[in-house]
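Enquirer: Before anything else, here's the structure in question.
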Amino acid sequence: MKPEGEFERPTKDKFVPAEKQPQYKPRDNLKPEGEFEKRTPEKFIPAERPKQKRPEDNLYPEGTFPQREPEPFVPAERRKQTIPQDNLRPEGNLNLPDDFFLKMTHCV
């Protein structure tokens with residue numbers, strides 16, 4: 001079976017944003033009568049600070065206290081550098097040049 005003829009296609013409407021619904025405000029029959037009393041602003045005045053109370057005591061030092069005499073500055077002596085020596089020596093005959101041991105003794 002094969003379809004014959006033209007098919008009817010629905011046309012799509014162009015997108016349009018929806019309209020906003022009007023805001024609903026309830027109505028009442030209450031109305032203010034006369035004038036309202038307004039608050040009168042007061043001038044700002046900083047609060048008074050209380051005076052600080054210092055504790056009083058009857059304890060006073062009597063006599064003189066020994067004062068430490070400052071010692072004059074003397075730089076410290078430097079410690080001599082010590083090179084650790086080991087007791088590890090190769091055993092047996094080694095085929096090394098004669099200069100080798102002379103160079104090692106000069107390094108130590």
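Computed from the coordinates by the stated procedures, all read-outs in this text should not be read as laboratory data. Computed from a prediction, not measured in an experiment: that's the story for all the values here.
Enquirer: Give me the lysines in straight-line cross-link reach of LYS20: C-alpha distance below 28 Å, same-chain residues under 8 apart excluded.
Expert: Of all the lysines, those that pass the test against LYS20 - Cα under 28 Å, at least 8 places apart if same chain - are LYS12.
Enquirer: Also, I was wondering about something else. Mind listing P(r) for the chain? All alpha-carbon pairs, 5 Å bins, whole percents.
Expert: Values per bin, smallest distances first: 2, 4, 4, 4, 4, 3, 3, 3, 3, 4, 3, 3, 3, 3, 3, 3, 4, 4, 7, 6, 7, 8, 5, 3, 2, 0.
Enquirer: With each run of n ≥ 4 DSSP H residues scored as -39500 (n - 2.57), what mean residue ellipticity at 222 nm is computed for the chain after dividing by its residue count and rounding to the nearest 500 deg cm²/dmol?
Expert: Details: 1 runs with 9 residues, N = 108.
The helix-only estimate for the chain comes to -2500 deg cm²/dmol at 222 nm.
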